[in-house]
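Trainee: First the structure, then my questions, so here it is.
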Amino acid sequence: MTALHATTATPVGPFTVLVDDGAVLASGWTAHISDLLPVVHRSLRPTSSVEADRLPVLDVVDAFHAGDVAAIDDVVVRQRSGPFLQDAWDVLRTVPAGEPDSYAAFAARCGRPAAVRAAAGACARNAAALFVPCHRVLATGGGLGGFRWGTPVKRWLLDHEAAHTTGRAAAAQPVPAAQGELSYP
């Protein structure tokens, strides 16, 4: 299988998508497709990828970064793993912008409140960053936790979503957290 990839500029650096048959296989804040290919499940990994000048999904990425934080909600994503990870990735897509969960709350949202480490692992193994918004899950103690693309990118995403949501999400105001970071309740 041959997939397509393309990159767009964002306020926090280049963002690349790997797409096959209209579905995002992997994405993240990098200009290098070699950073994305290893995170694609072996059964979905393309044998080659051709760089495209532009892919339609990049219009969604640009809209998100311009303030339409709901633009990513309907992007088709294709990931594969065991039942818990598959379910967890689906659940991640239900965490509202501007209302991040803790890893413990995310585990509970997945129906397995004791599986905090497994929930964190689902975030870590997510290949489709942004579209499966693992950045919306914070460390249970209030810190940022990890993020494949770096905690400065995660911090920017959380702040961006908080600034561009309305209604109940807008009520989530940043509070001081460990080490001078901001966290959302």
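Trainee: Taking trypsin sites (Lys or Arg not before Pro) that fall in a DSSP loop and have at most 12 other Cβ atoms within 10 Å as cut points, what is the longest piece of the chain between them? Don't jump to the answer; show the numbers that get you there.
Mentor: Details: sites that count: Arg42, Arg54.
After excluding every exposed loop site, the longest remaining stretch is 55-185.
Trainee: Another question about this same structure. Among (1) 27.8, 87; (2) 15.9, 48; (3) 33.2, 106, find the value of Rg and Dmax of the Cα atoms in Å that was calculated from the structure presented, and write down its label.
Mentor: Correct label is (2).
Trainee: Taking the Cα-to-Cβ direction at Asp73 and at Gln86 and moving 7 Å from each Cα, how far apart do the two end points lie in nm?
Mentor: So the label points at Asp73 and Gln86 sit 2.5 nm apart.
Trainee: Can you give the calculated 222 nm mean residue ellipticity of the chain, where each DSSP H run of n ≥ 4 adds -39,500 (n - 2.57) and the sum is split over every residue, rounded to the nearest 500 deg cm²/dmol?
Mentor: Numbers: 5 runs with 48 residues, N = 185.
Estimated from H runs of four or more residues: -7500 deg cm²/dmol.
Trainee: For a quick check, take a GNM of the chain with Cα springs below 10 Å and name the residue from Val77, Val40, Val12 with the largest mean-square fluctuation.
Mentor: Val12
Trainee: For the pair Ala114/Asp35, report the inter-label distance in nm, with labels modelled 7 Å from Cα in the Cβ direction.
Mentor: Result for the modelled spin labels: 3.8 nm.
Trainee: If you don't mind, another one. Just checking the chain: which Cys have no other cysteine's beta-carbon under 4.7 Å?
Mentor: Taking the Cβ cut-off of 4.7 Å, the unpaired cysteines of the chain are Cys110.
Trainee: Which number do you get for Rg(Cα) / (2.2 N^0.38 Å) in segment 1-89?
Mentor: Working: Rg = 12.9 Å, N = 89, 2.2 N^0.38 = 12.1 Å.
In units of the globular-protein estimate, segment 1-89 measures up at 1.07.
Trainee: Take the alpha carbon atoms of segment 68-99, find their center, do the same for segment 10-25, and report the distance between the two centers in whole angstrom.
Mentor: Each part's Cα centre sits 15 Å from the other's.
Trainee: When the chain is treated as a GNM, springs tying every alpha-carbon pair under 10 Å, which of Glu99, Glu51, Glu161 comes out with the largest mean-square fluctuation?
Mentor: Comparing Glu99, Glu51, Glu161 in a Gaussian network model of the chain, the most mobile one is Glu51.
Trainee: Might you tell me the accessible area per residue for the chain, computed with a 1.4 Å probe and given in Å²? The partial results should precede the final answer.
Mentor: Details: 8440 Å² over 185 residues.
Per-residue accessible area for the chain comes out at 46 Å².
Trainee: Give me the percent of the accessible area of segment 75-147 that comes from carbon and sulfur atoms, probe 1.4 Å, all protein chains in place. Working shown, then result.
Mentor: Working: 1590 of 2840 Å².
C and S fraction of accessible area: 56 percent.
The values are calculated or read from the model by the stated rules, or taken from the named source; none is laboratory data. Remember, it's a predicted structure, so these values are computed and weren't measured experimentally. Backbone-built Cβ (ideal geometry, glycine too); neighbour counts: all protein chains shown. Note: accessible area is taken over every heavy atom of the protein model, side chains too, but ligands, DNA and RNA are not part of it. Shrake-Rupley method; radii C 1.70, N 1.55, O 1.52, S 1.80 Å.
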